[in-house]
Amino acid sequence: MKSTPATPERGFITADAPSEDDLYKCVQCGFCLNACPTYLETGLEAESPRGRLTLMKAVNEGRVEMTPTVTRHWDLCLQCRACEVACPSGVPYGRIMMATRAEMKTPVKRPMRERFARNMGFNRLLPKPKLMRTFGKMTRFYQRSGARTLTKKIGVLKVLPDRYEYLDQSLPPMGKDFFVADGRVLKPQGQIKARVSLLGGCVMSMMHAETMQATLRVLVHNGFEVHLPSDQGCCGSLNMYAGERATARQMAANNVTALLSMNPDAVVSSSAGCGSTMKEYGELLDGDERAEELANKTRDIHELLADYGFKTPTGRLDARVVFQDPCHLLSTQRVSDPPRQILRSIPGVQVVEMAESTVCCGSAGTYSITQRDMSTRLGDRKARNIIATGANYMATGNPGCALQLGNALTRAGSEIEVRYAVDILDEVYRAGGDYA
């Protein structure tokens, strides 16, 4: 008598595992292939959304073990979510991949140095704004005091493994000043259109404090009462996409309390990655009503200005400007026209478009550090498309994209200036004397 073979155990076992309803929505049609940056670069099925989902199902069904050979294909995913836009079946690939990254924490044994770096970054630094600013100040001192130049001159990095030189190159340039949400309330002259709570963020506030100040000026000029709740912190985006969901939930819960404390009409972000994450707080916090409220109230700065209306500048900028769509603005938030509407409103600006505008630039949070070869290839690909437009400026709406493409354009020998769309609007307002 033949024995009945045992049913294989489900490979995904934690509470954060992707749901089977999500996993089995894919009908293998292949529409996602030409939307996926890593598939476009490699031509490999395993580096496509369809291929990665096939591996997930194989692990889930117990047919394949979750080995480093398998997980490296998931690690190479940028989570840009362009595949979601292309998918006719509505596969929630971003949600599946974030759940899979969280699931990987238990069975996958990463190298000790990687575990240490992940714990320090995701669980120690990012959840604590004051500690993050201390780290930022130390980085700024290293970059601006001459210590970095001296380190390079005497060749310290040359005698260390290559990864240390790359980490040095990957350090985001810290701004002269940091932007701090300190409880201030800024009121416009005249009628108030809406009361908004502004997220300061972490990377954005340390790298591009001047853009945050520009955001304040633009909002107040356009009739918004702006609140800067002091108890807010990092949005948790990097944690979510790295699979560090427990800490991400704590960070989200903190922001829900802080950013809704004054019952705003809207919660505003100048960083596409942050806005995208806050719009998913309801899902992250399992349908918590206040989290859902914050998610529903969250608006990207361009989206908010387009929704409520903004004043046309009287100043002028004679320039060709190409807007680079951050993935978490275009593919996740589905916001495309508002930044272009803002740029087109500026007298003298000609908005031009690039080829492959929906293909990720390769920044993707910590991806530029953990997957540097693919990140560099995608950054250089995007830079070539930007240069081909003949633009004077490349505008964007996300700090990772600004850093990634600034570096890529420099490598290409281009003089195209990388700016935020809100920076350009602010400069033209000032040039035209529009601010009271």
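The values are calculated or read from the model by the stated rules, or taken from the named source; none is laboratory data. Just so we're clear, the structure is a prediction, and the values are computed from it rather than from any experiment. Neighbour counts are summed over all protein chains in view; Cβ atoms, including those assigned to glycine, are modelled from backbone coordinates with ideal geometry.
Here are some residues: D288, D300, D307. Which one is closer than 25 Å to E417 by Cβ and either surrounded by 24 or more Cβ atoms within 10 Å (Cβ to Cβ) or of a type in the set (D, E, K, R) (or both)? Answer to the check: D300. Of the candidates T257, T211, T247, the single residue that is farther than 24 Å from S368 by Cα and β-branched (V, I, T) is T257. May I ask you to verify whether G406 is crowded, with 16+ Cβ neighbours inside 10 Å and touching a Phe, Trp or Tyr at 6+ places or on another chain (Cβ under 6 Å)? For G406, the condition - crowded, with 16+ Cβ neighbours inside 10 Å and touching a Phe, Trp or Tyr at 6+ places or on another chain (Cβ under 6 Å) - is not met.
Is the range 347-357 home to any residue that is over 22 Å from E415 (Cα atoms) and either surrounded by 15 or more Cβ atoms within 10 Å (Cβ to Cβ) or in contact with a Phe, Trp or Tyr (Cβ under 8 Å, 6 or more places away or on another chain) (or both)? Walk me through it before giving the result.
Taking the range 347-357 first, the residues over 22 Å from E415 (Cα atoms) are 347.
Narrowing further to those that are either surrounded by 15 or more Cβ atoms within 10 Å (Cβ to Cβ) or in contact with a Phe, Trp or Tyr (Cβ under 8 Å, 6 or more places away or on another chain) (or both): none.
No, there is no match, as no residue in the range 347-357 is over 22 Å from E415 (Cα atoms) and either surrounded by 15 or more Cβ atoms within 10 Å (Cβ to Cβ) or in contact with a Phe, Trp or Tyr (Cβ under 8 Å, 6 or more places away or on another chain) (or both).
For the range 355-378, the set of residues classified as out of contact with any strand residue (DSSP E or B) (no Cβ under 9 Å at 6 or more places or on another chain) and hydroxyl-bearing (S, T, Y) consists of T358, S363, T366, Y367, S368, T370, S375, T376, listed by residue number. The numbered conditions (1) in a loop (DSSP other than H, G, I, E, B); (2) at pLDDT below 95; (3) surrounded by 22 or more Cβ atoms within 10 Å (Cβ to Cβ); (4) not hydroxyl-bearing (S, T, Y) are all true for G400 except (1). The residues of the range 233-284 that are on the phi > 0 side of the Ramachandran plot and polar (S, T, N, Q) amount to a single one, N263.
What do you reckon, is M251 assigned to a loop (DSSP other than H, G, I, E, B) and touching a residue at least 60 places away in the same chain (Cβ under 8 Å)? It is false that M251 is assigned to a loop (DSSP other than H, G, I, E, B) and touching a residue at least 60 places away in the same chain (Cβ under 8 Å).
Filter the strands (runs of 3 or more DSSP E) completely within the range 261-362 down to those with at least 1 residues that are not assigned by TED's automatic domain parsing to the domain that holds M204.
Per the criteria, 319-323, 349-352.
Quick check on my filter: what residues within the range 411-424 are in a helix (DSSP H, G or I), within 22 Å of the chain's Cα centre (by Cα) and not acidic (D, E)? Answer for the range 411-424, where residues must be in a helix (DSSP H, G or I), within 22 Å of the chain's Cα centre (by Cα) and not acidic (D, E): A421, V422, I424.
Please determine, by comparing only the residues of the range 22-57 that are among the aliphatic types (A, V, I, L, M), closer than 22 Å to G11 by Cα and in contact (Cβ under 8 Å) with a residue 40 or more places away in the chain, which one is surrounded by the most Cβ atoms within 10 Å (Cβ to Cβ). Lay out the reasoning, then the answer.
Here is the first cut: in the range 22-57, the residues among the aliphatic types (A, V, I, L, M) are 23, 27, 33, 35, 40, 44, 46, 53, 55-56.
Pick out the ones that are also closer than 22 Å to G11 by Cα and you get 23, 27, 46, 53, 55-56.
Filter again for in contact (Cβ under 8 Å) with a residue 40 or more places away in the chain, leaving 23, 27, 53, 56.
Values: L23: 21, V27: 12, L53: 24, M56: 27.
The residue in question is M56.
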